[in-house]
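Notes follow once the structure below has been shown.
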Amino acid sequence: MTWPSEVSSDSAMNDADMEVILVLGVTGETALVRLPDTGEEPWPLASLPQGVQPGDRVGVTVEGGTQEVTLLPRLDGLIA
């Protein structure tokens, strides 16, 4: 398991490429997230945007070895 604080710029993600994770559930100080490869793993809530809830999508970028997370807009209500 790779905790968010252990992600480095040497990972498979290139600098400034955004990966999207999905928050599946929140329990205590941990969130279960679905990764882009469809794997699931627990992440500490402190590493995610404040107030994340199940169903939220979070954009994760790594730039210069620093991880940044962004709460993405929900897709509910968008017309295709």
Scanning the stretch 45-67 residue by residue, those within 15 Å of Leu24 (Cβ to Cβ) and over 9 Å from the mean Cα position of the chain (by Cα) turn out to be Leu45, Val52, Gln53, Pro54, Gly55, Asp56
Of all residues in the stretch 21-78 being of a type in the set (Lys, Arg) and part of a strand (DSSP E or B), which is surrounded by the most Cβ atoms within 10 Å (Cβ to Cβ)? Arg57
Unmet requirement for Asp10, which otherwise passes all of (1) of a type outside the set (A, V, I, L, M); (2) touching an Asp or Glu at 6+ places or on another chain (Cβ under 8 Å); (3) modelled with pLDDT under 95: (2)
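The values are calculated or read from the model by the stated rules, or taken from the named source; none is laboratory data. Nothing here was measured: the structure is a model prediction, and the numbers come from that model. Here the Cβ is made from the backbone with ideal geometry for all residues, glycine too, and neighbour counts use every protein chain on show.
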